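Take a look at the structure below.
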Amino acid sequence: MTDHEQPRTVWGLRMSDAAANAEARRIIDEVYRPAAPVRQIPTYFKDDTPSPPFGDAEPVHQDDRRIVPAWAAGVAVASLGIGAGTTGIGCGAWLVLKGFASMSVTGVIAMGALFTGLAFAVLSIGVAFSRARRSVSRAVYTGPVTKNTLVTTHTRGAFARSHTHLHN
């Protein structure tokens with residue numbers, strides 16, 4: 001037997017050259033086989049329903065896909081601002097007080113905790129007032145609304161300067 005006729009060991013199995021080449025071709029073909037097309041998810045919606053020539057149009061349901069309520073996002077942003085502001089105040093206090101006395105980092109952290117506590121208390125009171133004020137019912141006017149707008153344009157001068165006036 002020559003060197004080319006010796007069986008090879010592929011994945012723990014003894015194979016001839018032809019069998020090993022066939023197995024390699026199968027693996028390569030499997031790896032490079034085109035994948036099934038991915039279903040495209042639409043990122044927009046266009047309502048082609050014609051609008052009525054006069055009168056009210058029927059309401060169209062629009063899903064609300066927000067994960068976090070707007071007030072919660074506002075509180076989160078305010079909390080980040082408080083944290084950044086407190087860090088700035090603490091660093092400023094440390095720089096100022098370092099010249100007066102040998103103040104430790106623990107003292108600066110204690111002062112920062114005081115400022116942070118006060119800021120969060122003010123934030124929570126503000127959020128509570130905002131939520132309480134928003135719960136008051138409002139009068140909703142449901143009658144017809146007419147808007148009369150008159151636009152006048154005057155063009156004067158050698159270089160045709162236009163002046164547009166809006167009259168309500």
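General observations
- Cβ-Cβ distances below 8 Å connect no pair with a first residue in the stretch 113-131 that is on the phi > 0 side of the Ramachandran plot, a second residue that is open to solvent by 80 Å² or more (accessible area, probe 1.4 Å), and a separation of six or more residues or different chains.
- Residues (of a type in the set (Phe, Trp, Tyr) and either open to solvent by less than 70 Å² (accessible area, probe 1.4 Å) or in contact (Cβ under 8 Å) with a residue 40 or more places away in the chain (or both)) located in the stretch 50-89: Trp71
- One residue stands out in the stretch 125-149 among those that are at pLDDT 75 or above and either surrounded by 11 or more Cβ atoms within 10 Å (Cβ to Cβ) or more than 19 Å from Val77 (Cα to Cα) (or both): the one that is nearest to the chain's Cα centre (by Cα), namely Val127.
- Criterion (of a type in the set (Gly, Ala, Ser) and under 30 Å from Val127 (Cβ atoms)) met by exactly one of Ala78, Ala24, Ala36, Ala19: Ala78
- Test: residue in the stretch 11-23 that is surrounded by fewer than 10 Cβ atoms within 10 Å (Cβ to Cβ), part of a loop (DSSP other than H, G, I, E, B) and at pLDDT below 75: yes
The values are calculated or read from the model by the stated rules, or taken from the named source; none is laboratory data. Since we're looking at a predicted model, the values are computed, not measured. Methodologically, a virtual Cβ is constructed for each residue, glycine included, from the backbone with ideal geometry; neighbour enumeration extends over all protein chains shown. Protein only, heavy atoms only, side chains kept; ligands, DNA and RNA dropped before computing areas. Shrake-Rupley method; radii C 1.70, N 1.55, O 1.52, S 1.80 Å.
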